[in-house]
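Just so it is clear, none of the values below were taken in a lab; they were calculated from the coordinates. These numbers were taken from a predicted model, which means no experiment stands behind them. We place every Cβ from the backbone using ideal geometry, glycine too, and count neighbours over all the protein chains shown.
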Amino acid sequence: MVKECFKRYGAAAFMIAVVSAALLLSGCAKTEGTAPTEEAEAKAVCRIGLSNDSYVIERWLRERDIFVSAAQELGAEVNVQNANGDVDEQISQIEYFIKKQMDVIVVVAGDCEALSDVMRRAKEAGIKTICYDRLIHNSNCDLYISCDSTQVGRLMAENMAANIPEGGNIFLILGPKNDDNVTKIRDGVFEVLDKSSIKVAYEANCDGWLAEQAYTYVKEGLKKERNIKGIICGNDDLASQAFKALAEERLAGNVFLTGQDGDLAACQRIVEGTQEMTAFKYTEEQARLAAKYAVLLAQGEPLSDVTATIHDGAYDVPYLRMEPIAVTKENMDSVMIEGGFRTKEDVYLNVD
């Protein structure tokens, strides 16, 4: 949708829209863990509870603000809670939303297994539920909205295979195993690598997406196998720490590095030649759509344009799937800069 907007109206108009949205966000975003006043709740067309696993990854703060702003524009009131990576705390937050009889509960899950029971209880209480970005297993949610994580894995592996067609050893550093997307990314990676001469010589998972663990794992992996040609990282935050470890070992720029999310640091590394690609997802658009559909669900409106489904382990649930794009040095300007997601000054900050 964002790409279509850009193609139709051009860079100038798209940038105006982006700037306008940014200005709007500065005045509308709610502080994490705070609740709206009773007066605001009474005036709202619906009440939405948003529980986020944590904000350790760059994208989540931005998406929280966009979601809140878009929902408020539609007349909704949003109660934002941050679990700070604590699964028990997130369960308590969802229980609080149930007690408050929210119209819709939107969850970025910290553990896709542990939240199943409380999400079903929300459904039993007549509350609509949305799994945002991470599919909570056996929860029978009313909507799952996410990027195609299997395709993310394919894109990263395809880029790796294209750069080392002769094959060789690589490392695979992903996020936590209890994140459903990590399983999907891994599936996509091996779907491609199994058809190539590339071997995963070392594999690790970073609990809670803690980037510092990626640094430790790369160091550990290099002690076991130093002759590597690439590292696939679950996101750009992990890639930043992998790059740090490679730089200390004087391997940065000689080992192909991939990630996802389109973080600024990753974009800078790509144009500098120390990271090969990032799987970019139109997460801002995802946040806006999630807000739109949350309000529609609260109002009892059918989601007639959501035609795909995904199996959560027990149920087939409506699935709004966003498509990722591989961003490299070749298309950095056209996707990230002309698309209004990054400025040229920021991306090329360290390039003469």
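Observations, loosely collected:
- Residue order, fewest to most beta carbons within 10 Å, for VAL335, VAL106: VAL335, VAL106
- Measuring between their Cα centroids, the stretch 184-199 and the stretch 234-291 lie 19 Å from each other.
- Tensor-based shape of the chain (alpha-carbon gyration tensor, a/c under 1.5 rounded, otherwise prolate or oblate): prolate
- Computed from the Cβ-Cβ distance with R0 of 22 Å, the FRET efficiency linking LYS177 to SER197 stands at 0.20.
- Prolate/oblate/rounded label for the stretch 242-296 (Cα gyration tensor, a/c 1.5): prolate
- For the listed peptides 117-127, 262-272, 300-310, a ranking on the average number of other beta carbons within 10 Å per residue, highest first, reads 262-272, 117-127, 300-310.
- Per-residue ³J(HN,Hα) for the stretch 301-318, Karplus 6.51 cos²θ - 1.76 cosθ + 1.60, θ = phi - 60°, Hz, x for Gly and Pro: 7, x, 8, 5, 8, 9, 9, 7, 9, 9, 8, 9, x, 9, 10, 8, 10, x
- The antiparallel fraction among DSSP beta bridges confined to the chain stands at about 15%.
- Rounded if a/c under 1.5, otherwise prolate or oblate - the stretch 156-234, Cα gyration tensor axes: oblate
- Look at the alpha carbon pairs under 8 Å that are at least 6 residues apart: their mean separation over the length of the chain gives a relative contact order of 18 percent.
- For the pair PHE190 and ASN350, label points projected 7 Å from Cα toward Cβ lie 3.4 nm apart.
- Each label was represented as a point 7 Å from its Cα along the Cα-to-Cβ direction; for GLU225 and ASP333 these points are 3.8 nm apart.
- Using a simple spin-label model with pseudo-atoms 7 Å out from Cα toward Cβ, VAL56 and LYS123 lie 2.9 nm apart.
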